[in-house]
Amino acid sequence: MGSDAESLNFSLPVKRTAKQWAIQIGKYFGILCAAGVVAALVIYFTKDSTEPKTLAGGIPDDTHPVLFDGSIDAANPYKGPSGKELDNTWKDLYDINPFAAPGKDLKALHKTSIEVPTQPGRFFVSLAVFHQLHCLDMVRRYVHNDHYQMDGHDSSVPIVDHIDHCIDMIRQALMCHADTTLITWKGTFNRPEPDFNAEHQCKKFDKIRDWAKNHEVNMTDEFEKDPEALKRVLIEGIEQNAK
Ligand SMILES: *[C@@H]1O[C@H](CO)[C@@H](O)[C@H](O)[C@H]1NC(C)=O
């Protein structure tokens, strides 16, 4: 008899009391909330695994137009006579300690690194542009070898092989970023002169360098023995491997 009454209930229009209405609305509200939580979780986790760009949170990536200085005889702080002043100007471009990235950020890139001793779960990483600039500085020094005497370098790899490595790294970086800014000519058909003073769309390098400076690991805290030696291993790589 009980089951007959139930099936009858389903087939007939039901008149609900206020309490029954409250329970019914409560049920639907509960289902909606649960669906919302599930959706939020799905969005959170898929976002986390598909956006390695957010590595270590907010490395500046915005761009702005920059007018290149393309004249051979124009002076700027990166040209001029070899010496301590010029060396320091170049060094300021790339001489930055690594920073500490969370392991899960590296996992998303299928990479691993060396753990930072005082920060378990965080690993040393550096930005490629700083190694590329370091390499270009090596080439600059080699061009002015009269001044820098690089052949006597304390390394088992001949200096020319090291410079070749640097040129090859810079080649790959240039091809990777393939700057398609238009270059025009001045002068006449018979005497054309390229105009390198073009406006390029550039990453905000100063902002990236400031970010890296603000996030660098204090190597003195990490390695009391010889923080400079470790920094060379992490940043310059090949020089130290060659020893
Ligand atoms: C790095 O750590 C050492 C030792 O704790 C400290 O003396 C030094 O001032 C720190 N350097 C910076 C740049 O914070």
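The values are calculated or read from the model by the stated rules, or taken from the named source; none is laboratory data. All values reported here derive from a predicted model rather than from experimental measurement. Because the Cβ atoms are built from the backbone with ideal geometry, glycine has one as well, and the counts that use them run over all protein chains shown.
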Seminar exercise, completed: If we ask which residues in segment 70-86 are at pLDDT below 90 and either surrounded by 12 or more Cβ atoms within 10 Å (Cβ to Cβ) or of a type in the set (Asp, Glu) (or both), their number turns out to be 2
Exercise. What single numbered condition from (1) modelled with pLDDT of 95 or more; (2) closer than 24 Å to ASN214 by Cα; (3) more than 15 Å from the chain's Cα centre (by Cα) fails to hold for HIS144?
Worked result: (2)
Exercise. How many residues does segment 149-188 hold that are assigned to a helix (DSSP H, G or I), without any contact (Cβ under 8 Å) to a residue 60 or more places away in the chain and under 17 Å from ASP137 (Cα atoms)?
Worked result: 16
Seminar exercise, completed: For segment 211-228 the number of residues that are without any contact (Cβ under 8 Å) to a residue 24 or more places away in the chain and surrounded by 13 or more Cβ atoms within 10 Å (Cβ to Cβ) is 1
Seminar exercise, completed: Restricting segment 189-207 to residues that are acidic (Asp, Glu) and in contact (Cβ under 8 Å) with a residue 60 or more places away in the chain, the one nearest to PRO65 (Cα to Cα) turns out to be GLU199
For this session: Given the conditions (1) in contact with a His (Cβ under 8 Å, 6 or more places away or on another chain); (2) surrounded by 18 or more Cβ atoms within 10 Å (Cβ to Cβ), report the number of the one that THR181 does not fulfil.
Result: (2)
For this session: Just name the residue that is modelled with the lowest pLDDT out of those in segment 207-238 that are more than 17 Å from LYS91 (Cβ to Cβ) and within 12 Å of the ligand (Cβ to nearest atom).
Result: GLU224
